[in-house]
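The values are calculated or read from the model by the stated rules, or taken from the named source; none is laboratory data. Being a predicted model, the structure only gives us computed values, none of them experimental. Neighbour counts run over all protein chains shown; Cβ positions are idealised from the backbone, glycine included. We work out accessible area using only protein heavy atoms, side chains counted, and drop any ligands, DNA or RNA first. Shrake-Rupley method; radii C 1.70, N 1.55, O 1.52, S 1.80 Å.
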Amino acid sequence: MTTASDSAGGVTDTEWSAAVEAVRGLTPGDDGDKIQLICHVNPDGDALGSMLGFALGLRRLGFTRLRATFPGPFELPEPYQTLPGRDLLVPDDHAFRDADLVMTFDVAAESRLGALVELLPPAPCVVALDHHASNTGFGRINLVDPRAAATSVVAEGLLSRLGVALDAEIAECLYVALSTDTGSFKFDMTTPAVHELAARLIETGISPGAISRRIFDTRPFGAIKLVGEVLGRAALDPTAAGGRGMVWTYATLADLERHGQRPYVLDTLIDPVRSVAEADVAVIVKELAAGEWAVSLRSKGAVDVSRVATAFGGGGHRLAAGFTGHGTPGEVVVAVRKKLEACLIQPTHP
Ligand code: AMP
Ligand code: MN
Ligand code: MN
């Protein structure tokens, strides 16, 4: 059968076989069967969904010594608190220090692993599942497919090669991941193979309506007020990016506190901002700690924002990327604006 990841063609047969061997080489119930799964800091739907969906697949293969984690505070965004497999999640300081296999999900670079990066060198094997073009290749086995719409596409590719059948629990995790990273099947990488995978996930009996409502269409009243305020201070810079335009705004920790909100409620703030017709580039600057900002970048096609983000030590995809910035929001945006010109995507047919 053709899978969503076959058609993307980014992972070689050798890499798939090595990853299958890395899992099949462990015997459930043996001494050496500890598997540690890790996803990126401030986990999103793809990070958590691909990791937990895969972890449930490992459980179906008979593995019981499984732990899943992510760096930083052990706090899940509300919409992900009911994901199947959440019982496998442990705080980062409870991760296996002596895992026989470490697997990473949606992690583009070691910097996205925080203190958990220490788990990599002692691990007998590290398998990295990812879809970021900027992936640094830190795994021993790298299943990195930049044309995959989500890491869950790669995770499903490995599950099927391991002979794990999809069930409703695994499917719910993978569907959350796939729908998050495709913006509810709206982005360019929403290929026929992506819809085919979604169809197979839905065939297990999951409810796409209920999942979408929980993930995309439910937020506290205070979050609406907060987003209103943050959108109210958005600024348009029509001459940025060679005249393609840039729109930007920022949110501070004080904003969150004033409205009694957790940071995850700003995860989708980029969507209304990037809808602005007069700007190709959208920038959101969100305070992480005093003077430290999570910067989200989006382009409609004129700028390779992954190059912009990489220049500031971050990464991502061509049209969606991010990095950690320092200074004031104004300083961060001025620096980004300067970099945009150098990262314009030249039209192939002038
Ligand atoms: P976000 O704007 O947080 O939704 O992220 C957009 C894309 O950029 C995602 O694919 C992230 O994995 C990636 N990204 C965001 N922040 C960073 C970072 N600090 N380093 C590397 N990649 C990042
Ligand atoms: Mn992610
Ligand atoms: Mn992803």
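Keeping to the stretch 105-162, report how many residues are outside any loop (DSSP other than H, G, I, E, B), under 12 Å from the mean Cα position of the chain (by Cα) and near ligand 1 (Cβ under 10 Å from one of its atoms).
Result for the stretch 105-162: 3.
With respect to T268, is the statement that it is of a type outside the set (K, R), modelled with pLDDT under 95 and open to solvent by less than 70 Å² (accessible area, probe 1.4 Å) true?
Criteria met by T268.
Are there any pairs, at least 6 apart or on different chains, whose C-beta atoms fall under 7 Å, with the first in the stretch 123-135 and under 21 Å from I35 (Cβ atoms) and free of Cβ contacts under 8 Å to residues at least 60 places away in the same chain and the second of a type in the set (K, R) and more than 16 Å from ligand 2 (Cβ to nearest atom), and if so, which?
Close Cβ pairs satisfying both conditions: V126/R140.
Looking for something over 15 Å from L201 (Cα atoms), modelled with pLDDT of 95 or more and touching a strand residue (DSSP E or B) at 6+ places or on another chain (Cβ under 7 Å) - is there at least one such residue anywhere in the stretch 110-118?
Checked the stretch 110-118: at least one residue is over 15 Å from L201 (Cα atoms), modelled with pLDDT of 95 or more and touching a strand residue (DSSP E or B) at 6+ places or on another chain (Cβ under 7 Å).
Which residues, counting only those in the stretch 109-118, are open to solvent by 10 Å² or more (accessible area, probe 1.4 Å) and in contact (Cβ under 8 Å) with a residue 40 or more places away in the chain?
Listed by number, the residues that qualify are A109, S111, R112, G114, A115.
In this structure, does T252 turn out to be under 18 Å from the mean Cα position of the chain (by Cα) and either among the β-branched types (V, I, T) or under 16 Å from G316 (Cβ atoms) (or both)?
Spelling it out, it is not the case that T252 is under 18 Å from the mean Cα position of the chain (by Cα) and either among the β-branched types (V, I, T) or under 16 Å from G316 (Cβ atoms) (or both).
Results for (1) part of a loop (DSSP other than H, G, I, E, B); (2) within 14 Å of ligand 1 (Cβ to nearest atom), shown as yes or no for each residue.
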position: M189; (1), (2): yes, yes
position: T204; (1), (2): yes, no
position: L236; (1), (2): no, no
position: Y250; (1), (2): no, yes
position: Q261; (1), (2): yes, no
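Here are some conditions: (1) closer than 26 Å to R161 by Cα; (2) open to solvent by 10 Å² or more (accessible area, probe 1.4 Å); (3) within 14 Å of ligand 3 (Cβ to nearest atom). H40 meets all but one. Which one does it not meet?
So the condition that H40 fails would be (2).
Pairs only if they're at least six apart or on different chains, beta carbon under 6 angstrom, first in the stretch 203-218 and of a type in the set (S, T, Y), second open to solvent by less than 60 Å² (accessible area, probe 1.4 Å) and assigned to a helix (DSSP H, G or I); list them, first residue then second.
Pairs that qualify, where the first residue is of a type in the set (S, T, Y) and the partner is open to solvent by less than 60 Å² (accessible area, probe 1.4 Å) and assigned to a helix (DSSP H, G or I), are T204/A168; T204/A171.
Let's see how each residue does on (1) under 17 Å from E172 (Cα atoms); (2) within 21 Å of the chain's Cα centre (by Cα); (3) open to solvent by 10 Å² or more (accessible area, probe 1.4 Å):
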position	(1), (2), (3)
T14	no, no, yes
R24	no, no, yes
T27	no, no, yes
D31	no, no, yes
G53	yes, yes, no
T82	yes, yes, yes
D98	no, no, yes
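Could you tell me which residue of the stretch 214-228 is nearest to the chain's Cα centre (by Cα), considering only residues that are in a helix (DSSP H, G or I) and surrounded by fewer than 16 Cβ atoms within 10 Å (Cβ to Cβ)?
I224
Of the residues in the stretch 289-304, how many are more than 10 Å from ligand 1 (Cβ to nearest atom) and either under 21 Å from G222 (Cα atoms) or among the small types (G, A, S) (or both)?
Residues flagged as more than 10 Å from ligand 1 (Cβ to nearest atom) and either under 21 Å from G222 (Cα atoms) or among the small types (G, A, S) (or both) within the stretch 289-304 amount to 6.
Determine the pairs where a residue that is under 17 Å from L236 (Cβ atoms) and within 16 Å of ligand 3 (Cβ to nearest atom), located within the stretch 269-298, has a partner that is hydroxyl-bearing (S, T, Y) and part of a strand (DSSP E or B) with Cβ atoms under 8 Å apart, the partner being 6 or more residues away or on another chain.
From residues that are under 17 Å from L236 (Cβ atoms) and within 16 Å of ligand 3 (Cβ to nearest atom), the pairs are I270/S296.
Being of a type in the set (G, A, S) and closer than 18 Å to R97 by Cβ is the filter here; which residues of the stretch 25-45 pass it?
G32 - this is the single residue of the stretch 25-45 that is of a type in the set (G, A, S) and closer than 18 Å to R97 by Cβ.
Residue check: is T190 surrounded by fewer than 19 Cβ atoms within 10 Å (Cβ to Cβ), within 17 Å of the chain's Cα centre (by Cα) and within 30 Å of T14 (Cα to Cα)?
yes
Only residues that are part of a loop (DSSP other than H, G, I, E, B) and surrounded by fewer than 16 Cβ atoms within 10 Å (Cβ to Cβ): list them for the stretch 301-323, please.
G301, G313
How many of the residues in the stretch 265-287 are over 16 Å from V333 (Cα atoms) and either part of a strand (DSSP E or B) or among the hydroxyl-bearing types (S, T, Y) (or both)?
2
State whether one or more residues within the stretch 324-346 are near ligand 1 (Cβ under 9 Å from one of its atoms) and open to solvent by 20 Å² or more (accessible area, probe 1.4 Å).
Within the stretch 324-346, one or more residues are near ligand 1 (Cβ under 9 Å from one of its atoms) and open to solvent by 20 Å² or more (accessible area, probe 1.4 Å).
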